[in-house]
Amino acid sequence: MTLGGAQETVAAGMPPPLIAADGREPLISIRDLKVHFDLGGGSKLEKLFGGKGVHRVVKAVDGVSIDIFPGETLGLVGESGCGKSTLGRALLRLTEPTGGQVFFRGRDLARLSKKELRQHRRYLQMIFQDPYASLNPRMTVSQIIGEPVETFKLARGRPGRESRVRELMQTVGLSPHFLKRYPHEFSGGQRQRIGIARALAADPDFVVADEPISALDVSIQAQIMNLMEHLQRERKLTYLFISHDLRAVRHVSDRVAVMYLGKLVEVADAKVIYRDPLMPYTKALISAVPVPDPEVEARRERIVLQGDVPSPINPPPGCRFHTRCPWAIEACREVVPPLAEIKSNHFAACIRISPEEPDIEKVAPGDAPGLRNPGHRAVKILRH
Amino acid sequence: MSEERTPQVPTEQVPNEEGRPTRAVADSDPALTPRGTPPAPPVRPRAGDEIHAFPETAVGEGDVRVPEGAQVVAGTSLWKDAWKRLLKNRLAVFGMIVVAIIAFASVLGPGIIKRATGFEYDTIPADSNLVRSFPPLTAPDGSFSWTHPMGTDSAGRDILARVLQGGRISLAVGLISTLVSLIIGITWGATAGYLGGKVDDLLMRIVDVLYAIPYMMIVIVLLAFFGGQSPLYQIFLLFAALGAVSWLTMARIVRGQVISLKNQEFVLAARATGVSTPKIIFRHLVPNALGPVIVYATLTIPSVMLSEAFLSFLGLGVQAPYSSWGSLSSEGIQNIAIFPWQLIFPGVTMALTLFSLNFLGDGLRDALDPQMRKF
Amino acid sequence: MSSQNGNLLSVRDLRTYFETEDGTVRAVDGISFDLKRGETLGIVGESGSGKSVTNLSVIRLIQSPPGRIVSGEVLFHGEDILSLPAEEVRRIRGKRISMIFQDPMTSLNPFMRISRQLMEITQLHLGHTKEQAYEHAVKMLETVGIPEARARADSYPHEFSGGMRQRVMIAMALSCEPELLIADEPTTALDVTIQAQILELIRKLKEKTGTSVILITHDLGVVAGMTDDIIVMYAGKIFEQAPTRELFAAPGNPYTKALLKSVPDPAHEEGTDLYQIPGLPPDVAHLPPGCPFAPRCFRVEEICRREFPPFVQLNAEHFSLCHFAAEVYAESSAEREAKGGVGR
């Protein structure tokens, strides 16, 4: 892997990696990625016909920057509609990003031509949520897994392709006897294995796993998680593991990023974020996860959030979480908190905490230590 | 599944073959150690975990159900599955058989009748005493005879020969018009659905406009304007006219299919693996859109045939000497009080065919509809 | 209407079979349990375990054909629901026993105002007049925590979010103050923070009204904090039945044990490796002879594949369907001892 190109790009104005752990080079660098969906509206004509006259834009992903390092699993959690799946798809340009950059091997994926992009797809693969919808029902397993092999000409002729498919099937724990079977003849877990084999067929470096286990039975979830970890070790894969299941994310991830309404609100080591969440939303999210232990459940204190997740159409100004945050103050409505390093390698977006006062429960009422950080003020000025 | 029904299968072997590890066989199981890769070392061992009886390689554990011997087991495709389901549907099978019989009879029948009795569909007997309508299975002298199983019409022509000849035309009208509607409908609908946006808007608005015009009127106008030159020409005009109006629904169906498939995860998956656009269309979209199209085409045939009969009945369709079931019925109804067989035979044949085709279409829909799949 | 030995609901040897192309599916095969007044019972199982069918059978909502309740008794206040005339069952359903389903999107009629849907129930079961019913509907919406209930009562379902819709469902279920609430995966379709809200709501309402609850879920975490007793189902059978704390502390069945280990438990940092249950969930139409879990079990022995296991009583309230129930239970208890009160 030559990363010379990447370094030049860094020099050419890319912000430094968010987490330069051990001086490693990131495999993927996402910078200020935006995916907006324009729903239209707000024209004079609409007002004439009694419409609300508001131009509606879904800011599914709104300025996300993060680095993903080789060999790690970055967990991405958030509630439905927070934009986590859109982020995963925009990374692979299955959804066209509205703005921002995605650097991979020194190239900005967002600027590749269609043809170049198709060549790059070899290194970037995806595992889908729904093991029923993600496999073409009219193709045999061999055709499904063989398709990427054929597309990137990774094997010579039919026999070559077939032996590669057999190998892949064994790798994911499927008997090659089932080569000629169709997806509907398999169970959910088996289908997910087929989906994983297809993702591996092109021998990728990076795999986006979009809710790979949420459609599966509990006992099968463990199988798939273990399989993914096993493959990661064996093939030195890098994962972006997207899920709403915090327990699963905590289990498979090295680092976890929490997303809320299109923005990253906290990024930290998986163990740390679970033990010691900083941002109020993460706190609530983690305290909401039921623990399979009645002793713990009886003792634990829960932050039960009021209200629903606001619509991503024209989301609330300032900190997007202020409408539900038990610690919100007046300033939260105005200031968009940037993702700041509160503790070492622990980033959080909240103006009510700062590196000096990281514990929001101990911050004086009404105080916003984060605002004393010059970075925050700059944001405030920018937005007003 | 057969394994689970057979009680005495040596259980040690089954998990072994399907790669389900047991303590004893895990190391030697080929499914667990992919070629060229050493078995993975145990990771993050857990202290005091007595239940962790399976080796770590259990990740390669096949959740495969049944290995039936060592050969590759060919699966049943959805097409095969649908075919099996169709064969279980008695009405559909009945429909299929009836349609097949009538089609064969229409194709081969007139030739056989000519050999046997010398009558063609337009043979008018030379003897003027015979130029009148005889009842079925009756000779001119009133005795029993096989010569005219369905009797003759007012011009002394053999009704069976005419019904079979009419069947040729009626079936041909149904098939050819449906084919025309398939070609136009699929092209139109797939283009609109796949390209989307403005193209979609334009194409579908055109369809909407055409929908708004009463189609029978178009056909009648077409036939009235251009028809009447020669009987054969009239028939071709009929094909074209009926085909040209019956593609509208087909276009809508295809468009809907393509749009819903376009957003399916497996199409996304194909894009994610860098598959080119033509391959996505022909490998992923088309085969999956085919089911409803087949069903609709099967149901279009009888509806077109009915339209043809209607037009012929009005005297706008097939002209003498050619016959179709519609024109035969039209002639028959004029004499219904005296010579009922002139109406009954073509009428019943047509009704039987239409019923059968509809049964077949319904059966196909049930067979091809994925919603009907068990569980 | 007298209740026998304090049991609100007693199910005895319930069997519900389905006729399919593949043969007879014994979705529920000999289930018995009791539910006391004011208690919460959790039913846990994977897909195809028969947990939902059990409860549909209890209120006689099994589609027939293909389903049919083959045998058993469902005693509600000592009266067998299964032998009551359909008319009377309808009167019990919705009034004295009500249900919440998994999908709040499809359980509400999209063409009716929320208030109208709520009013329908009380008008039918409690004989409310229109005005009474409307007031009651608003009150119920307030109870389940819908902000500005009066203003929003006349909305249509699509104007509510998923969590709000589930609240409406709960309001509907509780509007006749039922004695029994059956919640079938009430939070599966919801986000984590919303799930917490809904569970909290059910817990509070239960305390307030004293309703008994049957909570059906696949999530062991959800039952841990919500229930008094738990039934673990697999392949249409009860595999283990115990008070909640007992079940989590000392499971007496290998399936329960494996299930508990296969859920990542972030509260316990140590021992992060995940145990996985091998193989597939059972094909209920073709169960192997002997124990249905045997092909996936970690301590399977010859006898398990041959003979159907006995339902062993481990102590007063703890039962397990296993040939080695006593051994497994002893092991679990020993483990708990070894952990040395970490849990306490």
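The values are calculated or read from the model by the stated rules, or taken from the named source; none is laboratory data. Remember, predicted model here, so these are calculated numbers, not experimental data. Every residue, glycine as well, gets a Cβ built from its backbone with ideal geometry; the counts of neighbours run over all protein chains shown.
When you go through (1) part of a strand (DSSP E or B); (2) farther than 15 Å from C:A242 by Cβ one by one for C:L314, which number turns out not to apply?
Against the list (1) part of a strand (DSSP E or B); (2) farther than 15 Å from C:A242 by Cβ, C:L314 comes up short only on (2).
Checking C:Y275 against (1) within 14 Å of chain A (Cβ to nearest Cβ); (2) hydroxyl-bearing (S, T, Y); (3) touching a Pro at 6+ places or on another chain (Cβ under 9 Å), which test does it fail?
(3)
Any residue in the stretch C:163-182 that is surrounded by fewer than 21 Cβ atoms within 10 Å (Cβ to Cβ), among the small types (G, A, S) and under 21 Å from the mean Cα position of the chain (by Cα)?
no
Considering only residues that are of a type outside the set (V, I, T) and within 7 Å of chain C (Cβ to nearest Cβ), which ones fall in the stretch A:280-297?
Matches in the stretch A:280-297: A:A284, A:L285, A:A288, A:P290, A:P292, A:D293, A:P294, A:E295, A:E297.
Could you check the stretch A:150-160 and list, in sequence order, the residues that are within 10 Å of another protein chain (Cβ to nearest Cβ) and either in contact with a strand residue (DSSP E or B) (Cβ under 9 Å, 6 or more places away or on another chain) or more than 22 Å from B:Q264 (Cβ to Cβ) (or both)?
Initially, the stretch A:150-160 is screened for residues within 10 Å of another protein chain (Cβ to nearest Cβ), giving A:150-152.
Within the stretch A:150-160, just A:F152 meets the criteria.
Under 8 Å by Cβ, and 6 or more places apart or on different chains, what pairs join a residue from the stretch B:257-278 that is in contact (Cβ under 8 Å) with a residue 60 or more places away in the chain with one that is in a helix (DSSP H, G or I) and of a type outside the set (G, A, S)?
Matching pairs, first to second residue: B:Q257/B:N288; B:Q257/B:P292; B:Q257/B:V293; B:V258/B:Y194; B:V258/B:L285; B:K262/B:Y194; B:K262/B:L285.
I need the full set of residues from the stretch C:293-303 which are facing another protein chain (nearest Cβ under 10 Å) and not aromatic (F, W, Y), in order please.
Here is the first cut: in the stretch C:293-303, the residues facing another protein chain (nearest Cβ under 10 Å) are C:294-300, C:302.
Matches in the stretch C:293-303: C:A294, C:P295, C:R296, C:C297, C:R299, C:V300, C:E302.
So which of A:L109, A:L91 ends up being of a type outside the set (V, I, T), within 19 Å of the chain's Cα centre (by Cα) and at pLDDT 90 or above? Steps first, please.
Values: A:L109 fails: at pLDDT 90 or above.
The conditions single out A:L91.
What helices (runs of 4 or more DSSP H) completely inside the stretch C:181-266 contain at least 1 residues that are touching a residue at least 60 places away in the same chain (Cβ under 8 Å) and closer than 21 Å to C:N7 by Cα? Spell out the reasoning first.
Details: elements: C:192-209, C:220-226, C:244-249, C:254-262.
Output list reads C:192-209, C:220-226, C:244-249.
For the stretch C:18-41, what are the residues that are part of a strand (DSSP E or B) and without any contact (Cβ under 8 Å) to a residue 40 or more places away in the chain?
Pass one, the stretch C:18-41, residues part of a strand (DSSP E or B): C:18-20, C:23-36, C:40-41.
Passing the criteria: only C:D34.
From the list A:E234, A:E301, A:E229, which one is charged (D, E, K, R) and over 22 Å from A:I68 (Cβ atoms)? Spell out the reasoning first.
Working: A:E234 fails: over 22 Å from A:I68 (Cβ atoms); A:E229 fails: over 22 Å from A:I68 (Cβ atoms).
The unique qualifying residue is A:E301.
Out of B:L352, B:L268, B:L299, I need the residue that is at pLDDT 85 or above, among the hydrophobic types (A, V, I, L, M, F, W, C) and within 26 Å of the chain's Cα centre (by Cα). Which one? Don't jump to the end; show me each part of the working.
Working: B:L268 fails: within 26 Å of the chain's Cα centre (by Cα); B:L299 fails: at pLDDT 85 or above.
Sole residue among the options that is at pLDDT 85 or above, among the hydrophobic types (A, V, I, L, M, F, W, C) and within 26 Å of the chain's Cα centre (by Cα): B:L352.
Can you confirm whether B:S246 is among the small types (G, A, S) and under 21 Å from B:M350 (Cα atoms)?
Working: among the small types (G, A, S): yes; under 21 Å from B:M350 (Cα atoms): yes.
Yes: the conditions hold for B:S246.
Specify which of the listed residues (A:E330, A:E301, A:E334, A:E341) is under 24 Å from the mean Cα position of the chain (by Cα) and among the charged types (D, E, K, R). Before you say what the answer is, go through the steps one by one.
Numbers: A:E330 fails: under 24 Å from the mean Cα position of the chain (by Cα); A:E301 fails: under 24 Å from the mean Cα position of the chain (by Cα); A:E334 fails: under 24 Å from the mean Cα position of the chain (by Cα).
That would be A:E341, the only listed residue that is under 24 Å from the mean Cα position of the chain (by Cα) and among the charged types (D, E, K, R).
Identify, by number, the condition in (1) within 9 Å of chain B (Cβ to nearest Cβ); (2) assigned to a helix (DSSP H, G or I); (3) in contact with a Ser or Thr (Cβ under 9 Å, 6 or more places away or on another chain) that A:R191 doesn't meet.
Exception for A:R191: condition (1).
Matching residues to (1) touching a strand residue (DSSP E or B) at 6+ places or on another chain (Cβ under 7 Å); (2) closer than 30 Å to A:D203 by Cα; (3) free of Cβ contacts under 8 Å to residues at least 12 places away in the same chain; (4) surrounded by fewer than 23 Cβ atoms within 10 Å (Cβ to Cβ):
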{"site": "B:N288", "(1), (2), (3), (4)": "no, yes, no, yes"}
{"site": "B:V304", "(1), (2), (3), (4)": "no, no, no, no"}
{"site": "B:S312", "(1), (2), (3), (4)": "no, no, no, no"}
{"site": "B:G315", "(1), (2), (3), (4)": "no, no, no, yes"}
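Output the residues belonging to the stretch A:221-238 that are at the interface with chain B (Cβ under 7 Å from one of its Cβ atoms) and surrounded by 24 or more Cβ atoms within 10 Å (Cβ to Cβ).
Here is the first cut: in the stretch A:221-238, the ones at the interface with chain B (Cβ under 7 Å from one of its Cβ atoms) are A:223, A:226-227, A:230, A:233-234.
Passing the criteria: A:Q223, A:N226, A:L227.
Take the residues of the stretch A:299-308 that are hydrophobic (A, V, I, L, M, F, W, C) and facing another protein chain (nearest Cβ under 7 Å): which is surrounded by the most Cβ atoms within 10 Å (Cβ to Cβ)?
Kept after step one, since they are hydrophobic (A, V, I, L, M, F, W, C), are these residues of the stretch A:299-308: A:303-305.
From the residues that got through so far, the ones that are facing another protein chain (nearest Cβ under 7 Å) too are A:304-305.
Details: A:V304: 16, A:L305: 24.
Within the stretch A:299-308, the match that is surrounded by the most Cβ atoms within 10 Å (Cβ to Cβ) is A:L305.
Within the stretch A:33-53, take every residue that is assigned to a strand (DSSP E or B) and surrounded by 13 or more Cβ atoms within 10 Å (Cβ to Cβ) and give me the one that is modelled with the lowest pLDDT.
Among residues in the stretch A:33-53 that are assigned to a strand (DSSP E or B) and surrounded by 13 or more Cβ atoms within 10 Å (Cβ to Cβ), the one modelled with the lowest pLDDT is A:L39.
Looking at the stretch C:217-263 only, could you name the residues that are among the aromatic types (F, W, Y) and more than 8 Å from chain A (Cβ to nearest Cβ)? Step through it out loud before you land on a result.
Here is the first cut: in the stretch C:217-263, the residues among the aromatic types (F, W, Y) are C:234, C:239, C:248, C:255.
Those that are among the aromatic types (F, W, Y) and more than 8 Å from chain A (Cβ to nearest Cβ): C:Y234, C:F239, C:Y255.
Need at least 2 residues that are closer than 20 Å to A:A340 by Cα per element, so show me which strands (runs of 3 or more DSSP E) inside the stretch A:206-286 make the cut, counting only ones lying wholly within it. I'd like the intermediate steps shown before the answer.
On the way: elements: A:206-210, A:238-243, A:255-260, A:263-269.
Per the criteria, A:255-260, A:263-269.
Failed condition for C:P310, given (1) in contact with a Leu (Cβ under 9 Å, 6 or more places away or on another chain); (2) in contact (Cβ under 8 Å) with a residue 60 or more places away in the chain, with all others met?
That leaves (2) as the condition not met.
When you scan the stretch B:189-212, do you find a residue that is without any contact (Cβ under 8 Å) to a residue 40 or more places away in the chain, within 14 Å of another protein chain (Cβ to nearest Cβ) and of a type in the set (A, V, I, L, M), even just one?
No, the conditions are met nowhere in the stretch B:189-212.
Of the conditions (1) part of a strand (DSSP E or B); (2) within 14 Å of another protein chain (Cβ to nearest Cβ), A:F321 clears all except one; give me its number.
Result: A:F321 passes all but (1).
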